[in-house]
Amino acid sequence: MAMSLRMDRITVTALNDGASHLPPMFYPGLDFDAHPGLLETDGTYHIPARCFLIQGDGFTVLVDAGTGPKNMPFPAELAAAAALDPAPEFIAVGGALPGALAAAGVAPQDVTTVFLTHLHADHVGWAAPGGKPFFPKAEVMYGAADWDALIAPAPPEDFARIVMEGARAAGVLRPVDTATVEIAPGVVAHHTPGHTPGHYIVRVTDGDQEVYLTGDAVHHPLQLNSTGISFLSDADAGHALKTREELLARLAGRDDVVVGTAHFPGSRFQRVGVEDGGRTWTDA
Ligand SMILES: [Zn+2]
C-alpha cells in the first residue's frame with residue numbers, strides 16, 4: 001500500500017515498482033552473519049525499487065522511475081560467484097508502478113516532471129520503457145554527469161541505455177549540472193555525487209516541514225551508524241561515504257525533517273534521531 005505524507009500544500013507519496021534480489025557481495029562491509037534476518041531463503045537480500053510522487057499546486061513530480069515493465073534474469077555468472085545454488089530466477093522484478101500510480105489517482109499524462117536521482121537501471125525504467133516515453137507530458141530531468149559515466153559507455157542492448165536513448169530521441173530530456181536545481185515550487189534537487197557522479201537527492205519544503213528523498217545516497221539502514229558499509233555499484237565508495245555522512249549529519253536530530261529512501265524495506269517515511277549510542281531510524 002502506498003504511504004502518503006501530507007504537508008501544507010504538497011503531498012509526497014511512496015510508491016513501489018518492484019524489487020531487486022541482491023547477493024551479500026553487493027554490500028561490502030556488511031556482516032550478514034551478524035544480521036541473520038536480512039537474507040531471504042534464496043540467499044539474497046530483497047530491496048524495493050521505490051519511487052516518490054510529489055503533488056503540489058500545478059505540478060506532479062515523479063522521483064525515480066523504477067525497473068520498468070520487465071523482470072531481469074539472475075545472471076548465471078553472478079549466481080556462481082555468489083555460490084547461490086539454485087540460482088534465483090530474477091535479480092530484479094518490476095512493473096508495479098503504473099498500478100500504484102493509478103491507485104494514487106494519477107494517470108501517466110498527469111505527470112509533469114520525472115526526476116531521476118541517477119541513471120542506474122532500477123531507477124530509470126518507466127521514463128521510456130523500450131525507448132518510448134511512458135509519461136507523455138513529462139520532462140525527464142537527470143544529472144548530466146551520469147550520461148558520460150553510465151549511458152555512453154554501455155553496450156547498445158543495455159537496458160538503461162535503451163531507456164535514456166529513447167527519451168533523448170523523444171526530446172524530453174533535461175540534463176542538469178548545477179549544485180542545486182528547482183524542479184517545482186518547493187521542490188529542489190541537490191547534487192550529491194559518489195554513488196554516481198550525477199547523483200541528486202530531492203528536498204521538498206512546505207511551510208516549516210521538509211522531506212528529503214535520498215535516492216541511493218544512503219543504501220542500507222545500517223549505514224546510519226557504520227561508515228564501513230558501502231554498495232557494490234558505488235562509482236566512488238569514498239566519495240559516496242563523504243556525501244552520505246554529510247547528509248546524515250544534516251538530517252540527524254531534526255524533528256521537522258522526514259526522510260524517504262529508495263531501497264529500505266517497508267514503505268514508511270522515517271526520521272533520523274540521535275541517542276547516546278548513535279543515530280536511530282524512527283518511523284515518521
Ligand atoms: Zn538504486
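Taken together, the values in this text are just the output of simple stated rules run on the coordinates, not laboratory data. Owing to the predicted nature of the structure, the values given are computational and were not obtained by experimental measurement. Using ideal geometry, Cβ is built from the backbone for each residue, glycine included, and neighbour counts are taken over all protein chains shown.
Listing for the model above:
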item	result
Cα centroid of the stretch 1-42 to Cα centroid of the stretch 115-149, whole Å	21 Å
Gyration tensor verdict on the stretch 98-151 (Cα atoms; rounded if a/c is under 1.5, prolate if a/b is larger than b/c, oblate otherwise)	prolate
Percentage relative contact order, the stretch 3-283, counting C-alpha pairs under 8 Å, at least six apart	16 percent
Formal net charge of residues neighbouring Trp147 (Cβ-Cβ distance under 15 Å; K, R +1; D, E -1)	-2
Label-point separation, Ala152 to Arg268 (7 Å along Cα→Cβ), nm	4.4 nm
Relative contact order of the stretch 1-152, pairs being alpha-carbon contacts under 8 Å that are 6 or more residues apart, as %	23 percent
Local electrostatic count at Gly18 - Lys and Arg +1, Asp and Glu -1, tallied over other residues with Cβ under 13 Å	-1
Aspartates and glutamates with Cα under 12 Å of Lys70, excluding same-chain neighbours fewer than 8 positions away	Asp17, Asp122
Isotropic mean projected area of the C-alpha convex hull, the stretch 117-240 (nm²)	8.5 nm²
Translational D in µm²/s for the chain (Stokes-Einstein at 37 °C, 0.692 mPa s, Kirkwood Rh from C-alpha pairs)	173 µm²/s
